[in-house]
1. Can you give the FRET efficiency to the nearest 0.05 for Ser126 and Lys41, using r as the Cβ-Cβ distance and R₀ = 25 Å?
2. With point charges of +1 on the Cβ of Lys and Arg and -1 on the Cβ of Asp and Glu, referenced to the Cα centre of segment 67-126, which listed residue (Ile90, Ser75, Tyr109) lies farthest in the positive direction of the dipole?
3. Among 5-13, 26-34, 81-89, what's the highest-first ranking by average C-beta atoms within 10 angstrom per residue?
4. List the pairs from Lys12/Lys119; Lys12/Lys76; Lys36/Lys136; Lys12/Lys59; Lys12/Lys36; Lys101/Lys136 whose alpha-carbon separation is above 25 Å, in the order I gave them.
5. Provide the net charge surrounding Thr17, with neighbours chosen by a C-beta distance below 13 Å and charges set as Lys +1, Arg +1, Asp -1, Glu -1.
6. Find out how many positive minus negative residues lie around Lys136, taking Lys and Arg as positive, Asp and Glu as negative, among other residues whose Cβ is under 13 Å from that of Lys136.
7. Helix 44-56: angle to the longest alpha-carbon principal axis of the chain, degrees 0 to 90, nearest 10?
8. Under a 5 Å amide H to amide H cut-off, with H placed in plane at 1.01 Å, what residues pair with Ser129 once short-range neighbours are removed?
Amino acid sequence: MSAEILMPYLAKYFVTTMTVRGESINIPCLFRGMLKPSFWKGKPGKAYTEAYIQVVLPKVVITFIDNNANFYEISKSFPDIKTIFIQNGIRTISSFNRIVKSYNYHVDYMLVHGSAIGKHYHNYLSGQSISIGSFKNNAISNLSSIVNN
């Protein structure tokens, strides 16, 4: 989701995209995930993600799905991998209703729209929040030139 917006910034690196919403499935990683206890404890998404990371061995994992509790647990399982989420949309207090507070939740860097929402994320997980505004809006260099053309 939104990976195409990020790719120009990562052009000099080897990048792979893991889909987590069923767009595609890496069958070997799925089978590997089925061997994990978390798969059989009702967390197949977490098991699949861990299996995928074990195969790819990334240095950094980035997501635009900033309210995914499975993502918050990657740092616990893989402490040497940096994790970054980029806030994808407007968040209200009710946006956090699905997230259960846990000491296991950590993201190295939370790139958020503003400091207030960054502070609110700290109620649910640890990590450094950095206010960047909207990543998608920041990708548009000059809106007036687009409107005037």
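1. 0.60
2. The listed residue farthest towards the positive side: Ile90.
3. 81-89, 26-34, 5-13
4. Lys12/Lys119; Lys12/Lys76; Lys36/Lys136; Lys12/Lys36; Lys101/Lys136
5. In short, -1.
6. Local net charge: -2.
7. In the chain, helix 44-56 runs at an angle near 80 degrees to the longest axis.
8. Met110
The values are calculated or read from the model by the stated rules, or taken from the named source; none is laboratory data. Computed from a predicted model, the values in this text were never measured in an experiment. For neighbour counting, all protein chains shown are included, and Cβ atoms are generated from backbone atoms with ideal geometry for every residue, glycine included. Heavy atoms of the whole protein, side chains included, go into the accessibility calculation; ligands, DNA and RNA do not. Shrake-Rupley method; radii C 1.70, N 1.55, O 1.52, S 1.80 Å.
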